[in-house]
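The values are calculated or read from the model by the stated rules, or taken from the named source; none is laboratory data. Remember, predicted model here, so these are calculated numbers, not experimental data. So basically every Cβ, Gly included, is an ideal-geometry build from the backbone, and we count neighbours across all protein chains shown. To get the accessible areas, we keep the full protein, side chains included, count just its heavy atoms, and leave off ligands, DNA and RNA. Shrake-Rupley method; radii C 1.70, N 1.55, O 1.52, S 1.80 Å.
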Amino acid sequence: MIDSTDLAYSKRTSWRRLTLFSLLFILLTGIGLYAVYDRFAGRSLTFDSRLINPATITAVIALLLVYFSADGLRLHFTLRALGHRLPLPAVFRLVFINLFFSNVTPMATGGGFAQIWYLHHHGVPVGRATAATTIRTVLAVVFIFSLTPVFLLTLDAFNGRSLGGNLGVALAVFIALYLGFFAVLLFRTRWLIGPLTGLLAALRRAHLIGEARHRRWQFKARREMLRFSRSFGDYLKGPPLFVWLSVVFTAVFLLSLFSFPALLMVSLGYEVDYLVSLGLLVVTTFIMYFSPTPGASGISEGVFGSFFRDMLSGNHLILVIVSWRLLTIYLGMLIGLVVLQRELLRQRRHVRGTE
């Protein structure tokens, strides 16, 4: 049994970690922007008022509405396909909470836990909540990982770059293996139980884990893998309309996400090849998936600057990077922080009311 002192200490520790990760996010973002400013932007930065004219602001607001709405609806219809229904306001609060947590924790580790915690507190069983958030992520991963090798091997913008040529082919093979693993995980989960059992047994023989922990981990791993497999089967067997809508809104979400740089560049008077801009950002997002830093801070700015330096003048490069991250990440994080505080306050009042 956990007493109030332990619980209070745990909460203080969690907030300290979040604060530390938030400061790290800001620091690494600053380092990434300075690297772009120094290496790719020719130490040039000029604010352009065309980014805040009424036409641009209207277009940005419209794209933001599509971006946030599609993000919420892809989870909403994934849950509906699994047989659960949350009020849409609760789903959209989760969108912003996820944006906050996934960008202040390394490799987005906190985002998944935050979503499961939130869904569980709104009546969704943990197994189903885990399946819903994982399926939503897998759908996006399939789109991004499938398109990345296509753009790497076909866009002229990657000719002569380190991500092109032989490395691009090797990356395409890696992506195929990665997607193959997900296919096995989703459709042939039992195939993974044997290797997993062998791995845990090896850890036990190497005295890296004890007998009790070996049994506990083996039981939990098998149980969760089978639960997830059944949940994914239930998702595919769910109402076809909800399944297809979850896929469609995933595509709409990603398309809107990848459209922000093109919109910003057009607003600044550039003639933009939309397909090239789309392809560059797909590959940028792919690289961000493997970034160990909170919210891919520092790395995302550096990769974006490297890819888009030939499309933008030096004085606009930093401006577009900051605007892109502000609209797709920073804004959602700030809203998520406010929503999280209100959600915790609401739950605290509920607990006090039941005492």
Out of SER306, SER246, SER300, sole residue that is closer than 22 Å to ILE116 by Cα and either crowded, with 20+ Cβ neighbours inside 10 Å or of a type in the set (S, T, N, Q) (or both): SER246
task: Give me a count of the residues in the range 222-240 that are free of Cβ contacts under 8 Å to residues at least 40 places away in the same chain and over 25 Å from the mean Cα position of the chain (by Cα).
output: 4
task: Report yes if some residue within the range 10-18 is exposed (fewer than 12 other Cβ atoms within 10 Å of the Cβ), modelled with pLDDT of 90 or more and more than 21 Å from the chain's Cα centre (by Cα); otherwise report no.
output: no
- line: If you go through ILE287, ILE318, ILE299, the only one that is under 25 Å from PHE25 (Cβ atoms), among the β-branched types (Val, Ile, Thr) and more than 21 Å from the chain's Cα centre (by Cα) is ILE318
message: When you check VAL91 against the structure, is it under 22 Å from TYR235 (Cβ atoms) and either modelled with pLDDT of 85 or more or in contact with a strand residue (DSSP E or B) (Cβ under 9 Å, 6 or more places away or on another chain) (or both), yes or no?
response: yes
query: Restricting the range 57-105 to residues that are touching a residue at least 24 places away in the same chain (Cβ under 8 Å) and among the charged types (D, E, K, R), which is most open to solvent (accessible area, probe 1.4 Å)?
result: ARG93
- prompt: Filter the range 178-192 for residues that are over 16 Å from LEU139 (Cα atoms) and out of contact with any helix residue (DSSP H, G or I) (no Cβ under 6 Å at 6 or more places or on another chain); which is most open to solvent (accessible area, probe 1.4 Å)?
  reply: ARG190
